[in-house]
Amino acid sequence: MEQIATFRVPPKLITGVGAVGSVCDEIRELGGSKVLVVTDPGVAACPPLAMLTEALDAGGVDYAVFDQVIPEPPMEQPPQCLELAQSEGADLLLGLGGGSSMDVAKVTAFLMTNGGNPSDYFGNELVAKPGVPTILMPTTAGTASEVTNVAILKDRGAKLKEGIVTQHNYCKVGILDPRLTLSVPTDVSAATGMDALIHAIECYISVKATDMTDTFALKAISLCAGNLRRVCEDGSDLAARTKMQQGCLIGGISFANAGVGGVHALSYPLGGAYDVPHGVANSLMMLPVLRFNAPACAERMADIGVAMGLDVAQAPAKEGADAALDALAELVSDIGIPPRLRDVGVAREDLEAMADSAMTVTRLLANNPRPLSREDALALYEEVY
Ligand SMILES: NC(=O)c1ccc[n+]([C@@H]2O[C@H](COP(=O)([O-])OP(=O)(O)OC[C@H]3O[C@@H](n4cnc5c(N)ncnc54)[C@H](O)[C@@H]3O)[C@@H](O)[C@H]2O)c1
Ligand SMILES: [Fe+2]
């Protein structure tokens, strides 16, 4: 019998080509009189920011722009953004970008009403009051931060990514317009797309999975696995971009409720110590961790193979699981993500410290279908070195 589970999603998600056009109505409905757009220099130089400001100008909305988010943002960033939000008198924050920009917007929004520093809130439900309202507009199909209660910041000192998990991180409105993802470069499409696929896979095998989250996870696996190669081949394919965005969103809804596990936990030290992009770090750790997990969840891994379109529905579970792992290996190779830790500059002598660091990500390790010890983590890092 299923355990008692809570299922949460943001109150409103607007999707589809042209969705950006709804932004002014949403700002008015939320009572926003001055908007701070939070983005990074890469996105600011691309069509998404121009598309948004055009809509804001046309609707007569007053706004300012913070365009200094650093990809994989350190914890010093939200206070910088807060300074501008306060000096501009912003009462609504709009995160435009990938997970990095959306997460900085989320944290800044609750700092505005709660005070303190981001590190005061690392962990679970430590934010007392709701922040100012947020609208999130993803420009990558990867993190699904627009539907999660998480914000991730880098602690450079501890060389680790830290999570702030709070109900106050949910946005008021998510606006997902696939046109915003058309300019994503191929390597970023590959990395972020793998992140989206891994969310769906990890939450399908999570110990917290329910029938509800399974429904979303399987659909997301099928959409992401079916369209990722295409968006990497031809980023201008709007139909494939739309399907990837939907897959990411649907998988995100699942992972926000069932949680991710060992792949994400072991990837955190890579992002924290080596600035490896989140999606690349996850792709590197995906195969070793899933192979380690497979004996504990062979049937579920076989279901993943079926969702990926493999003809294994009638095969024994182990055979189906092996076929899914082979297909995932082929996908990672086809879209050009480096296969080894040494390819992204990791030093062999750091593996022990990385294993120690991964063990601190207890929030995610608790969801893994097979208990994963420090020795296991070290062996998995060595396997993929
Ligand atoms: N909050 C969550 O639920 C959650 C979940 C997973 C990961 N994360 C975090 O999100 C961050 C990673 O986010 P990400 O993978 O989306 O990447 P990102 O936000 O770091 O962006 C990566 C790069 O892509 C560029 N880019 C983004 N959209 C573009 C577009 N449309 N056109 C051209 N360039 C574009 C950016 O300028 C940047 O250089 C990490 O810090 C990670 O830890 C958060
Ligand atoms: Fe992720």
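Where a number appears in this text, it was derived from the coordinates with a stated rule and is not lab data. Predicted model only: the values in this text are computed from it and were never measured. Virtual Cβ from ideal backbone geometry, glycine too; neighbours counted across all protein chains shown.
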Excluding residues fewer than 8 positions from LYS243 in its own chain, the lysines with Cα under 17 Å of it are LYS219
Tilt, helix 374-384 to longest principal axis of the chain (alpha-carbon atoms), in degrees rounded to tens, equals 90
Taking a crude spin-label model, label points 7 Å out from Cα along the C-beta direction, the PHE7 to GLU233 distance in nm is 3.5
Per the chain, sqrt(5λ) over the Cα gyration tensor eigenvalues, sorted largest first, in Å, gives 33, 23, 19
Here, ILE70 and ARG374, labelled 7 Å along Cα→Cβ, have an inter-label distance in nm of 2.9
Candidates THR148, THR186, THR108; GNM for the chain (alpha-carbon contacts under 10 Å) flags as most fluctuating THR186
Excluding residues fewer than 8 positions from LYS129 in its own chain, the aspartates and glutamates with Cα under 17 Å of it are ASP91, ASP120
If the chain between GLN80 and VAL17 were fully extended at 0.36 nm per residue, the gain over the current Cα-Cα distance would be 19.4 nm
Nearest-0.05 FRET efficiency for GLU319 and THR360 at R0 = 35 Å, using Cβ-Cβ distance, is 0.45
Most exposed to least, judged by fewest other Cβ atoms within 10 Å, SER183, SER222 sort to SER183, SER222
Length-normalised contact order of the chain, Cα under 8 Å, at least 6 apart, in percent, tallies to 15
Phi-derived 3J(HN,Hα) across the stretch 242-251 with the Karplus relation (6.51, -1.76, 1.60, θ = phi - 60°), rounded Hz, x for Gly and Pro, is 5, 5, 4, 5, 5, x, 4, 4, 5, x
Helix 262-274: inclination vs the chain longest Cα principal axis, degrees, rounded to 10, gives 60
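Taking every DSSP beta bridge with both residues inside the stretch 12-181, roughly what % is antiparallel (nearest 5)? Walk me through the numbers on the way to the answer.
Working: 6 of 28 bridges.
So the antiparallel bridges amount to about 20 percent of the total.
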Diffing the stretch 231-236: the Karplus 3J(HN,Hα) column from phi (6.51, -1.76, 1.60, θ = phi - 60°), in whole Hz with x for Gly and Pro, holds 5, 7, 6, 9, x, 8
Between the residues VAL9, ASN282, PRO74, the Cα farthest towards the positive end of the dipole of the chain, that dipole coming from +1 and -1 charges on the beta-carbon of Lys, Arg, Asp and Glu, is from VAL9
To the nearest 10 degrees, the tilt of helix 47-58 (Cα long axis) against the first principal axis of the alpha carbons of the chain is 30
Checked against the positive end of the charge dipole of the chain (+1 on Cβ of Lys and Arg, -1 on Cβ of Asp and Glu, about the Cα centre), the farthest of VAL384, LEU228, THR186 is LEU228
Here, VAL344 and GLU29, labelled 7 Å along Cα→Cβ, have an inter-label distance in nm of 3.8
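Could you work out the Kirkwood radius for the stretch 186-384, taking every pair of different alpha carbons, averaging 1/r and inverting it, reported in Å?
About 16.5 Å, per the Kirkwood formula over Cα pairs.
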